Amino acid sequence: MADNETRWATRTERHAGVDITVHAPRSDAEASLGGTLLRVLEQRLGMPLDLKVPTDLLAALLREAVTFAGWRPPARVVETAEAADALPSCSVLLVLSPVPRAFAKDAAGWYAAGPIRERLTAAEVLGSDTALLLWEPKEDAR
């Protein structure tokens, strides 16, 4: 079993005499992906939703195919120092201006990625910009 499969809950449904197992979505963005794909198929391509397959099952299969192909939800934008301070240790931010720089957080504060480990506050990291959250450790990984 691949590493990415061990984190997923699964659900098996029987359809036309065949057991079909799908993975439960890992995030709200991922959960809405299957329904969005079904709407696109119906509205843009004229494909009817009466396919003799339950739409929730079809949505789950579409969602699974796209996420296993590499789709991930967009990076979260961190707009305030308070939001940056609320992130757990080991989080990584990318500030794009004036020059793209990555910053990591530990128990003592923020520091720029690189050989010099100067401690910074979240306000110093963000300045007047926003940042993209590149990595946020999950609760069970801490």
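Arranged from highest to lowest average of other beta-carbon atoms within 10 Å per residue, in what order do the peptides 69-78, 124-133 appear?
Values: 69-78: 11.8, 124-133: 15.9.
Peptide ranking by packing, descending: 124-133, 69-78.
Give me the percent relative contact order of the range 84-125, please, defined on Cα pairs under 8 angstrom at least 6 residues apart.
Details: 57 pairs, mean separation 12.1, N = 42.
Reported relative contact order: 29 percent.
How far, in nm, would the chain grow between Leu94 and Glu79 when pulled straight, counting 0.36 nm per residue and subtracting the alpha carbon separation? Could the numbers behind the result be given before it?
Numbers: separation 15, 0.36 × 15 = 5.40 nm, distance 1.18 nm.
The span from Leu94 to Glu79 would gain 4.2 nm if fully extended.
When you count, for each residue, the other Cβ atoms within 10 Å and take the mean per peptide, how do 31-38, 83-90 rank with the highest first? The partial results should precede the final answer.
Working: 31-38: 17.4, 83-90: 15.2.
Most protected by this proxy first, the peptides run 31-38, 83-90.
Read-outs throughout are calculated quantities, based only on the coordinates presented, and are distinct from any laboratory measurement. Quick caveat: nothing in here was measured; it's all calculated off a predicted structure. A quick note on method: Cβ atoms are made from the backbone with ideal geometry, for glycine too, and the neighbour counts reach across all protein chains shown.
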